[in-house]
Amino acid sequence: MRQSAILSAYVLALTSVGCGIQVDHGDCYAPTESTRSTGSASRTSTAPAVTGDSIRVASFNIQVFGESKIGKPEVVQVLADVVRRFDVVAIQEIRCKDQTLMDRFLAVVNAGGHHYDYVLGPRLGRTSSKEQYAFVFNTQSLTVNRETVYTVPDPDDLLHREPLVASFQVR
């Protein structure tokens, strides 16, 4: 059965359509069934097992991801190791005018035979501090329909940075 997931960097609560998405709760706060209605979360350090028809999804605010961070190999290696734990990662706060930043990052992520790709949204923001969102995804488990990648319109200018949306298909 073909499954798809629609992901948005805006809400950070990633939603699925007809797909069982597993979220890795390793060393982070994550809602449990009993706390979901109250909004409180529990701390856990065990990642749930991934089944054959599920994918791991994460959102990651790398905080000012630009030339300074990409220039520190030890930092880039840690970031790449985190990304490789998931099938798709919504990355926030990419702040670099050089559009090769994500290509350089993916070269590290893909070292050792991994197969990740990305889609990148436009530079957004009301001030001179522009940011981008990206979805980094494992091409062995997902495909993306690049024609479905878009930024949600905000005609009333209510959002500082509009959400990025993309549709993925599980292989």
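For the reader, a short list of remarks on this structure follows.
- Residue in segment 133-141 that is touching a helix residue (DSSP H, G or I) at 6+ places or on another chain (Cβ under 7 Å), of a type in the set (A, V, I, L, M, F, W, C) and not in a loop (DSSP other than H, G, I, E, B) present: yes
- Of the residues making up segment 155-168, those that are in a loop (DSSP other than H, G, I, E, B) and open to solvent by 30 Å² or more (accessible area, probe 1.4 Å) are P155, D156, D157, L158, L159, H160, R161, E162.
- Residue pairs whose Cβ atoms lie under 7 Å apart, sitting 6 or more positions apart in sequence or on different chains, and linking a residue in segment 146-171 that is within 18 Å of Q92 (Cα to Cα) to a partner that is outside any loop (DSSP other than H, G, I, E, B) and charged (D, E, K, R), are R161/E131.
- Unmet criterion (only one of (1) in contact with a strand residue (DSSP E or B) (Cβ under 8 Å, 6 or more places away or on another chain); (2) closer than 22 Å to V64 by Cβ; (3) surrounded by 15 or more Cβ atoms within 10 Å (Cβ to Cβ); (4) not small (G, A, S)) for P122: (3)
- Selection of helices (runs of 4 or more DSSP H) fully inside segment 21-124 by the criterion of at least 1 residues being at pLDDT below 65 returns nothing.
- Residue under evaluation A90, criteria (1) touching a residue at least 40 places away in the same chain (Cβ under 8 Å); (2) closer than 11 Å to I62 by Cα; (3) open to solvent by 50 Å² or more (accessible area, probe 1.4 Å), criterion not met: (3)
The values are calculated or read from the model by the stated rules, or taken from the named source; none is laboratory data. Remember, it's a predicted structure, so these values are computed and weren't measured experimentally. All Cβ positions, glycine included, derive from the backbone under ideal geometry; neighbour counts span all protein chains shown. Heavy atoms of the whole protein, side chains included, go into the accessibility calculation; ligands, DNA and RNA do not. Shrake-Rupley method; radii C 1.70, N 1.55, O 1.52, S 1.80 Å.
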